[in-house]
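Here is the structure we will look at.
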Amino acid sequence: MPVFDFNQEKKEAVKAEKTYELIYTSERFSDVDHPIMILDDEMGKLVHHSSGMFTSPLKGTAFLYDNENNNEKTSHNILQIDARFENLMKWLGENHIMVRLSGQKTATGYAVYKIHETGVAMRGSKLSGENGFLQFMIERLFQSDAPSEAVVDIDDMEDSDDMKLTSIQSITDYITCAGSTLPDNIRMWARRNLAVAKSTEVTPEERRHAQRALSIMLNIQWKNTEFQPIDPVEARKILDEELYGLDNVKQRIIETIIQINRTHTLPAYGILLIGPAGTGKSQIAYAVARILKMSWTTLEMSSINDPEQLTGSSRIYANAKPGLIMEAFANAESSNLLFIINELDKASSGKGNGNPADVLLTLLDNLGFTDNYIECNIPTTGVYPIATANDKNAISAPLMSRFAVIELPDYSLEEKRVIFTKFAMPKVLKRIGLRSEEIVITDEALDAVMEIFKDTSGIRDIEQAAEHIAANALYRIEVEKLECVTYTPDMIKELLV
């Protein structure tokens, strides 16, 4: 293994030929058996923690190990590298960034499974100013799928030494290092917008909008759309935890989403839950998000009366901004997202500027969604919608056809009784710190609660009643120094009526 002369680095980098093999994998972690790369170490120079830097820029493929113990510097060719990390290694080399590798000697070479930044040896202005940028990049790359072998490296990106904005620099670095992991159309879109953000031939407003749009889009993890199977037993358990009864509804929900076990893709239809207010529609939606292990967001259609609220405004306006749908992707930092669309029956109540329901159709069709501010087609194959509504007749036929419709009946009086005693009251007691032995509700008092709310729909009223009774009990225990409060029918009527 030759001793490396740092003064010859540039010359050697130009002459060096690519020594490594690209490995196309989508592993989400690294260890000795699944390394980021394998280095040539025939002479056994590399140790568990090896500090140094990668050579730059295009053909040089060596890691330059700097052994601080004996001041020896040796060069180690890269033999194999995870294809997702190829551009990142080039970026580290181009910017002379000192790193520490964690690895282990194996039969094929020195297997690197961790990389930590330790400093910048030269040209420090080239390094992204964002703290933890390298670790952020590595985490993002692990979450990405292996790039296509046809993807072209972005080696012709203009030099950004003169740029002063750290955010522009970090965006440039991100596209350079991880551009190959972006969907094709988004990668091309990012390059165009980066050119606008850096251009001196456009207005400052245009540069600001381009930079903001890039920040939004690159903050999103563009995930694959292969979803893991669900466990129907665990799914039923989660649904049972959220609401009592409604066995037919729970069965229908599991039947709708269990398609994922065979196709590994989201079901073709979303779920539309229709029923009276307070019957647990929102709880079911949150439960499905848990079952599918997806991030979720909500769209409150009762407060949306202009489609532009969903689609955003054009960049020609000074106060332009993305719409609620694009903001939801950005906040979730994921392209795989469960949309809980509350009060879908209010989606057709636009006020002259178009119909918000038409925007929802583009989101639900899995053909891609375009935000007026971002100006790029957003993949929606990782989007799953769950909608709630009270009035089925107020929903348009085109919207209805995108969902598996599940109607929730109201609870019987006996079901409400069980929900109050087994679910609502224990939940409140646990939250406010009351022990069950500190409050007694007699059977007659419970009858009084049910009588008061016999004509109301859903369970929201009895949940609020449980909250009121428990709060009253806690007050009397703290103020009147009682050890236990026992409620009678008269006390219940005085408290709730």
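Filter segment 252-286 down to residues that are free of Cβ contacts under 8 Å to residues at least 40 places away in the same chain, in a loop (DSSP other than H, G, I, E, B) and not small (Gly, Ala, Ser) and give me whichever is farthest from Pro232 (Cα to Cα). Of everything passing the filter in segment 252-286, His264 is farthest from Pro232 (Cα to Cα). Remark: Ile477 matches the filter, which requires a residue to be at pLDDT 90 or above, β-branched (Val, Ile, Thr) and in a helix (DSSP H, G or I).
No other residue among Ile271, Ile291 is touching a Ser or Thr at 6+ places or on another chain (Cβ under 7 Å), crowded, with 17+ Cβ neighbours inside 10 Å and modelled with pLDDT of 90 or more apart from Ile271.
Quick one: is Ala289 in a helix (DSSP H, G or I), under 29 Å from Ala210 (Cβ atoms) and either assigned by TED's automatic domain parsing to the domain that holds Gln143 or under 21 Å from the mean Cα position of the chain (by Cα) (or both)? No, not satisfied. Only one of Leu434, Leu408 is modelled with pLDDT under 90 and either crowded, with 16+ Cβ neighbours inside 10 Å or in the same structural domain as Ala268 (by TED's automatic domain parsing) (or both); which? When all the criteria are applied, what remains is Leu408.
Screening the candidates Glu117, Glu72 for the property of being over 23 Å from Asp145 (Cα atoms), buried (at least 16 other Cβ atoms within 10 Å of the Cβ) and among the charged types (D, E, K, R) yields one hit, Glu117. Considering only segment 437-444, I want to know if a residue exists there that is hydrophobic (A, V, I, L, M, F, W, C) and under 30 Å from Gln228 (Cβ atoms). No; the residues of segment 437-444 include none that is hydrophobic (A, V, I, L, M, F, W, C) and under 30 Å from Gln228 (Cβ atoms). Selection of segment 368-401 for residues being closer than 16 Å to Leu337 by Cβ and not in a strand (DSSP E or B) yields Gly368, Asp371, Ile374, Pro379, Thr380, Thr381, Gly382.
When we screen Leu64, Leu101 for residues that are modelled with pLDDT of 90 or more, hydrophobic (A, V, I, L, M, F, W, C) and either closer than 24 Å to Asp145 by Cβ or in a strand (DSSP E or B) (or both), the only hit is Leu101.
The values are calculated or read from the model by the stated rules, or taken from the named source; none is laboratory data. This is a predicted model, so every value here is computed, not measured. Quick reminder, even Gly has a Cβ in these numbers, built from the backbone with ideal geometry, and neighbours come from all protein chains shown.
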